[in-house]
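The structure appears right after this line, and notes come after that.
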Amino acid sequence: MVLITEDMVRRRAEHNNCEILSLEEVSLHQQDIEKIEHIDKWCRDLKILYLQNNLIPRIENVYRLKKLEYLNLALNNVELIENLEGCESLQKLDLTVNFVGQLSSVESLKHNILLRELFLYLDGKEIGRSERIRARQGLDEVRRRIRQQEQDYLRKRASEKEEAQREGGEAQRGPKRESRSSAKAKNPGFDGRWYTDIKNTIPVPEENNEIQGRDEKEKTSCLSSEDQEREFWEKPCAYTPESRLEAHRHLDEKKKAKERKTVKTPKAPRTLITPNGRVMNVNEPKLDFNLTEDGDNNTIVLDLEVYRHMDTSLMDVDVQPTYARVTVKGKIFQLVLPAEVRPDSSTAKRSQITGHLVLTMPRAQGEIKMTTPRPPKVSQSSHTPEEKTRKRLEVDPSKHSGVDLANIVTRENRAGEQTSFYDNFVDNPDVPPLM
């Protein structure tokens, strides 16, 4: 049974900033509501109330709605027009496709002096002046006939309600069990026993009857759901509030059964970080991406190809020193970064052309950038160290026999030496010149 709740009304008051006290119009149609309540207390200023296509059997709890101008109760289970005297401003009342059997209850609307439109699903035509004149002329006779019809209708409704209660009780108790006498009548033989020889009067044990009964029950229970569905809808029945309610409950049970079958087992939460602290790469939204390193600006750039027309409010970005996480419509994209970055200096922007999400993440201070080592250059010259020294000194070795050229080369190639042996030799005035 669906009841009118404050949350239901507030969710349909978005056009009024979800305020229900000053609400002037509310639509509660197709909600399977079975009772009108609380509306006259929560929405005193209501002018238009839509309650069509529900399961409401009675008009009630609307007498405080003094400003109500239009009430729509079409496609419900209303049987009596009542409790509308307090709706002083009522101008239009729609009771199309209901079960109003007591037509004399229409006279209760004489207090609604502003009422101009009443829909009871007669023929959908406006009542003309000539029809009003003829109705007044035979009003007494019409009232008498209506009273007689109402008495017949009430007796019929009482029997329909009793039958509906009886069928409902049988449905709750389950299928009716056959009596032993009727079961015997269906079996061959005068006493319901099976005989293979008319001259042999030895009966078959009683257990055979029980086995046969179990087999029949199994066959009955094996009826397909389609057969049961067809049997339910093809079963003849009168169109009454009870049959309409039964059909609705049947559809509701079928819908719930379908939902139970289609319920998916909840997936285990995806592991983003293992217990030992290892960060996992995750791409639940299955988006393409491009990760590059900007050496000039010392940054790492992540280009995530999110959907171009997706609202940015559906995305959430979380940058950590060693990984970046982007949540897109509840699905997680997580990527381990090749180097440590500074989250407080990182930026996230949307491309105005492609709509991609671009994350720019500066490297952390002190982060050593990996470079490819260059191979040492090989000299194309074929001169030996001794030959290079001779060329630089531009001296003739034959004239410097007293000088150890190998020793000069060794001293010149030593790291950290300021002068070579030859420099000391030339610059020292105490050393006599070579002859």
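Some observations on this one:
- At R0 = 35 Å, FRET efficiency that the Cβ-Cβ distance of ASP296 and ASP318 yields, to 0.05: 0.85
- Computed from the C-beta positions of VAL97 and LYS264 and an R0 of 30 Å, the FRET efficiency is 0.20 to the nearest 0.05.
- Whole-angstrom gap from the range 220-280 to the range 47-107, using each part's C-alpha centre: 34
- Taking the charge dipole of the range 282-362 about its Cα centre, with +1 at Lys and Arg Cβ atoms and -1 at Asp and Glu Cβ atoms, the residue from GLN320, PHE333, TYR307 reaching farthest to the positive side is TYR307.
- Cross-link table LYS156/LYS256; LYS41/LYS67; LYS235/LYS264, entries beyond 24 Å C-alpha to C-alpha: LYS156/LYS256; LYS235/LYS264
- Under a 5 Å amide H cut-off, with hydrogens placed 1.01 Å from N, ALA364 pairs with GLU340, VAL341, ARG342 among residues at least 5 apart or on other chains.
- Length-normalised contact order of the range 282-362 in % [C-alpha pairs under 8 Å, at least 6 apart]: 32
- Linear extension gain, VAL2 paired with ARG143, 0.36 nm per residue minus alpha-carbon span: 47.0 nm
- Rolling a 1.4 Å probe across all protein chains gives SER130 an accessible area of roughly 70 Å².
- With both labels modelled 7 Å from their Cα along Cα-to-Cβ, the LYS161 to LEU21 distance reads 4.1 nm.
- Computed from point charges on the beta carbon alone (+1 for Lys and Arg, -1 for Asp and Glu), the dipole magnitude for the range 282-362 about its Cα centre is near 320 Debye.
- Once the chain from LYS35 to ARG230 is taken as fully extended at 0.36 nm per residue, the excess over their C-alpha distance is 67.1 nm.
The values are calculated or read from the model by the stated rules, or taken from the named source; none is laboratory data. This one's a predicted model, so the numbers in the text were calculated from it and none came from an experiment. A quick note on method: Cβ atoms are made from the backbone with ideal geometry, for glycine too, and the neighbour counts reach across all protein chains shown. Just the protein is used for accessible areas: all its heavy atoms, side chains included, with ligands, DNA and RNA removed. Shrake-Rupley method; radii C 1.70, N 1.55, O 1.52, S 1.80 Å.
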